[in-house]
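What follows is a single structure, written as structure tokens, with notes after it.
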Amino acid sequence: MGLDVSLYKFTDYEATRKLEREASEEADRVWTDDYNSMTDEEKEASRQKSKDIYKSHGLDKHGEDSKRKERIELDSKKYPKYYMKIGYFRSSYNSGGMNNVTDDAIGMTLYDVFPHEDGDYYIPVNWDEALSAIKDMIRQMKKIQREFPYRAECHKHNEFRNKDDHKVTDERKALDVFKDHLKKHKENKKSFDAYSCGDGEFSIKEPRKIHAIIQGTHRNIFSNNETNPCTYLVYKMDYGFYIHSLEIVKETIEYVLSQESPEQYYLGWSS
């Protein structure tokens with residue numbers, strides 16, 4: 001999971017949001033307080049009642065006002081095969097997520113391009129300011145790619161394990177763990193080439209070229225005031241994919257600004 005952002009066009013934002021909220025509140029009342037106590041038949045009956053309520057308000061089965069709200073998602077003109085689109089971009093929570101990578105590199109994220117307060121799923125955007133911010137972000141990322149294409153990544157001790165749970169206590173055991181993951185990767189053609197799990201971080205297909213291993217600390221995820229030991233790996237980084245992804249964000253902004261009424265476009269922001 002992570003940040004998912006979608007572009008929507010509203011012909012009447014206030015009317016649509018009012019209608020959807022009222023229908024959603026009415027549909028919620030058909031469900032009992034304890035969902036887990038309901039039988040499958042009761043759940044299905046409640047789902048059907050919800051759909052009937054949405055239909056009575058002129059909405060689709062998901063409670064969306066598809067008549068006055070349109071989701072925009074188009075292939076990028078520059079990178080049509082990318083997962084990100086004109087009208088859709090995302091950032092996963094793991095270390096490879098775009099926000100994490102750009103924040104480490106230049107101290108900027110998508111939140112700097114589209115600043116907003118937490119609240120409603122749909123957010124208004126000053127598209128001219130967003131265009132200026134994304135251009136600055138791309139410029140800085142290209143400079144990093146030219147002048148200092150490295151990244152430091154924190155490898156933490158698993159905070160969800162007890163100290164006695166660690167099965168790796170020497171070099172041989174570490175190699176045994178790696179051998180096991182290498183075998184599983186070869187046997188499963190659909191497995192990821194790079195991933196993290198309880199055993200550690202693995203990069204099977206394209207191993208990283210490590211330039212430095214630096215001991216340090218990081219902030220404990222359970223407490224802002226505590227730190228835990230960790231190891232920082234510094235490696236050569238190709239930021240090309242992330243620069244391309246930011247350029248798709250720029251395409252999205254330019255698409256909106258080229259429309260007759262940019263103020264009708266909102267971002268659906270889920271994080």
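Computed from the coordinates by the stated procedures, all read-outs in this text should not be read as laboratory data. From a predicted model like this one, the values you see are computed outputs, not experimental measurements. Note that we place each Cβ from the backbone using ideal geometry, even for glycine, and neighbour counts take in every protein chain shown.
Miscellaneous remarks
- Within straight-line reach of LYS51, meaning a Cα separation under 27 Å, sit the following lysines at least 8 residues removed in sequence or on another chain: LYS9, LYS18, LYS43, LYS61, LYS67, LYS69.
- Region 54-83 and region 112-144 have Cα centres spaced 22 Å apart.
- Region 234-271 and region 1-19: distance between their alpha carbon centers, rounded to Å: 17
- With R₀ fixed at 30 Å, the C-beta to C-beta distance from GLN264 to SER92 puts the FRET efficiency at about 0.50.
- Set LYS143/LYS189; LYS156/LYS209; LYS173/LYS205; LYS156/LYS205; LYS156/LYS179 screened for pairs whose C-alpha atoms are more than 26 Å apart: LYS143/LYS189
- Filtered trypsin sites (Lys or Arg not before Pro), region 1-39: DSSP coil and at most 12 other beta carbons within 10 Å: ARG29
- On Cα atoms only, tilt of 13-28 relative to the major axis of the chain in degrees: 80
- Helical content of the chain, expressed as a calculated mean residue ellipticity at 222 nm, amounts to -12000 deg cm²/dmol (DSSP H runs of 4 or more residues, -39,500 (n - 2.57) each, divided by residue number, nearest 500).
- Cα→Cβ-extended label distance, 7 Å offset, between GLN145 and GLU187, nm: 4.0
- Rounded FRET efficiency, nearest 0.05, which uses the C-beta distance separating ASP104 from LYS55 and R0 of 51 Å: 0.60
- Compared with the direct C-alpha span, the chain from THR217 to THR169 gains 15.2 nm at full extension, assuming 0.36 nm per residue.
- Calculated FRET efficiency for the pair CYS154/ILE210, C-beta based, R₀ 22 Å, to 0.05: 0.95
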